[in-house]
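The values are calculated or read from the model by the stated rules, or taken from the named source; none is laboratory data. Computed from a predicted structure; not experimentally measured. In this analysis, Cβ positions are derived from the backbone assuming ideal geometry, glycine residues included, and neighbour counts consider all displayed protein chains.
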Amino acid sequence: MCVKFASCFSISKISVSLSAQLTGRFSAVAKCYCDMGTEILPEVCFSPAPSSFDRPFRIHVQDRTFLIDAESMRKISPVFSVMCYGKDFEGGRELSRDIVDEKCDDIDVFLRAVHDNSVISATNFALILRLSHKYQVLPVIDACQEFVKRTDLNALSPDEILTLLMAAYEFHCQREVLVQLIRRLANESNAVFARLRISRFLPAQIYGAVISASMNLAQLREYEGMNGHCLKMERSKTRWRNSVCEQCRAICDQCATCEECKKSLCKRHVNELKCTTNYGKKLITELRENIVELDWND
C-alpha cells in the first residue's frame, strides 16, 4: 500500500506529509509505517509542527492513510474528539480509525482546507462545506461563508453560483451569504434560468427569492432611468404611449405620465427634466436595499 501523504494537525496547522528528517517520535511513527509496508513520500506539502504533535492518530480512507494530531483536532471538532478519544481507543489500543463512507481525495481536500482556508474555491466549496458539517468543524464552516462574502461573485459563472447557492441552502449558511448568491444569480436572464433549470434544482423558497429578485432588479433599472419620475409601468417596463407631451406641446409616440408630479412627458423630456418630488429617489433607495426578499434565520 502506498500512502500519498500523511496529515499532521496542530491547533492552527495541518501537516499533510512526513519528511524523512523528522526526529524523535515522528521518526518512530514513520518507521512504524515503513515496517507495515507503507511508503511515506518525502515531499512536504505543509510545514510540519513536531513540537505540537502530541497524540498521533491514523485515519484510513480507501488506500491512503492520514496522520493527524488528535489533540489539536479535538479542540475544533466534537466529532473528532469522540473519534480520537472514544472508549474504543482506551487501554493502549491502536490509535486509528477507518472511514469507509468517503473518498480519499475528498478527505484530502477537506484536511487541506482545515490547514489553510485559502484553498476553498468555487470548485470545492460544496465538498468542504459538507464535510465540515459532517465532522462539525466550525472554523471551516465559517471560512466557507467568508469565502462567499469576500469573493467577486460576478467573476463566477452562473453554473458555479447555482452550485454555491444549493450548498449554502442545504447546510443552512448565514442569510447574508444566501442573499449575495441569490442577488448574483438574479442578474442572469430568463434564458440562463431555463438552461440551468433552477425551478428543478432550487428549493421553492430559494427559487421564489431568485425570481422575485430578478423582477426587482428589472424594476430598479427602469426607475433609475426615469430621472426621479415615477412613470406608469407594465411588467417591470415603462408604459410608453402616443400622447401629448406637455413640454413639446405636441403628440409624441413615446410619452408617459409621472404618478407623482402628474406630468405627461416624452422620452426626451423625461431625461431632461427631473421630477419635482423626491418620491422617485426614495423608491430607488428602498429597492436597492431590498432586492432580495428572503425570510431566513441564521
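When region 123-169 is examined, which residues are found to be touching a Pro at 6+ places or on another chain (Cβ under 7 Å) and more than 19 Å from D106 (Cα to Cα)?
Y169
Somewhere in region 193-201, is a residue surrounded by 19 or more Cβ atoms within 10 Å (Cβ to Cβ) and either of a type in the set (D, E) or more than 15 Å from W296 (Cβ to Cβ) (or both)?
Step one: list which residues in region 193-201 are surrounded by 19 or more Cβ atoms within 10 Å (Cβ to Cβ), which gives 193, 198.
Within this subset, residues satisfying the condition of being either of a type in the set (D, E) or more than 15 Å from W296 (Cβ to Cβ) (or both) are 193, 198.
Checking region 193-201: at least one residue is surrounded by 19 or more Cβ atoms within 10 Å (Cβ to Cβ) and either of a type in the set (D, E) or more than 15 Å from W296 (Cβ to Cβ) (or both).
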(request) Kindly establish whether R150 is of a type in the set (K, R), surrounded by fewer than 17 Cβ atoms within 10 Å (Cβ to Cβ) and free of Cβ contacts under 8 Å to residues at least 24 places away in the same chain. (result) yes
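Just to be sure before I move on: is L220 modelled with pLDDT under 95 and surrounded by fewer than 21 Cβ atoms within 10 Å (Cβ to Cβ) in the structure I sent?
On the way: modelled with pLDDT under 95: yes; surrounded by fewer than 21 Cβ atoms within 10 Å (Cβ to Cβ): yes.
Criteria met by L220.
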(message) For region 244-294, give me the residue count where each residue is touching a residue at least 24 places away in the same chain (Cβ under 8 Å) and closer than 30 Å to Q145 by Cβ.
(response) 8
(request) Name the single residue, out of those in region 252-276 being assigned to a loop (DSSP other than H, G, I, E, B) and within 8 Å of H229 (Cα to Cα), that is farthest from the chain's Cα centre (by Cα). (result) C261
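Can you find a residue that is modelled with pLDDT of 95 or more and surrounded by 14 or more Cβ atoms within 10 Å (Cβ to Cβ) anywhere in region 241-262? Don't jump to the end; show me each part of the working.
Taking region 241-262 first, the residues modelled with pLDDT of 95 or more are none.
Taking every residue of region 241-262 in turn, none turns out to be modelled with pLDDT of 95 or more and surrounded by 14 or more Cβ atoms within 10 Å (Cβ to Cβ).
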(request) Check V292, V270 and return the single one that is closer than 30 Å to A168 by Cα and crowded, with 16+ Cβ neighbours inside 10 Å. (result) V292
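Kindly check whether there is at least one residue in region 184-191 that is assigned by TED's automatic domain parsing to the domain that holds L138 and under 21 Å from I120 (Cα atoms).
Scanning region 184-191 turns up at least one residue that is assigned by TED's automatic domain parsing to the domain that holds L138 and under 21 Å from I120 (Cα atoms).
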(request) Provide a single number: the residues in region 108-126 that are surrounded by fewer than 20 Cβ atoms within 10 Å (Cβ to Cβ) and part of a helix (DSSP H, G or I). (result) 6
(request) Output the qualifying pairs, or none if there are none: Cβ atoms under 7 angstrom, residues six or more apart or on different chains, first residue in region 62-83 and in a helix (DSSP H, G or I), second residue surrounded by fewer than 24 Cβ atoms within 10 Å (Cβ to Cβ) and among the small types (G, A, S). (result) S72/S10; S72/S52; R74/S81
(request) Keeping to region 249-298, report how many residues are hydroxyl-bearing (S, T, Y), within 26 Å of V177 (Cα to Cα) and touching a Cys at 6+ places or on another chain (Cβ under 9 Å). (result) 0
